[in-house]
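Take a look at the structure set out below.
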Amino acid sequence: MKNKIIITLITALLVSTSAHAINKKYRQQLERSGCTQTSEIQGCDVTKTKEENAKAGFVSPYPTDNITAIKKQKGYCTLTNGGVVDIKGACEFFQTGSYVNVQGKAEENGVHFLAEIDNSKNGGLLIGAGTFDLAKGKLSKNTPLEVSWPNGYILTIKPE
């Protein structure tokens, strides 16, 4: 009987636990500062204002308040490192001015990745599994739809 009660309580706790990616306070900080989660990794300060972060070059050039207004394209992305395929699968990407944003998901294990590329600075950031940097810094453009980072990561996009 005790086991049934314990199992029921544990199940109730697990079901009632929220699984939000960010909380309300952090979302407000992002909105006030003009930072994104990606730009925060690059040094954008969520405790500063949009104006202060813009002076430091961190405020996103595309609208964060209405991101759905940007037409996303679908494609198939392959992420390799040293000739070995790390991730391959469906992806979405959009470009605003010189900025390109690519979001994809590995078909074999569901791991997500995000790439933000600034063509005007020939630089970019690549994040794997949403939590860690795979690569950042100067990029080489092999073709208009393929970029490589100095550490060997290559992202190839094949539009639908």
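Read-outs throughout are calculated quantities, based only on the coordinates presented, and are distinct from any laboratory measurement. Bear in mind that the values here come from a model prediction, so they are computed numbers and not experimental data.
Points worth noting:
- Within a straight-line Cα-Cα reach of under 21 Å, Lys48 can be paired with the following lysines, leaving aside sequence neighbours fewer than 8 residues apart in one chain: Lys24, Lys25.
- Backbone geometry of the stretch 144-160 corresponds, through the Karplus equation with coefficients 6.51, -1.76 and 1.60 at θ = phi - 60°, to 3J(HN,Hα) couplings of x, 10, 9, 10, 9, 9, x, 7, x, 6, 10, 10, 10, 10, 10, x, 6 Hz, x marking Gly and Pro.
- Enclosed volume per residue, in Å³, of the convex hull spanned by Cα atoms of the stretch 87-129: 50
- Among the listed pairs Lys74/Lys141; Lys74/Lys158; Lys88/Lys121; Lys74/Lys105, those whose Cα-Cα separation exceeds 18 Å are Lys74/Lys141; Lys88/Lys121.
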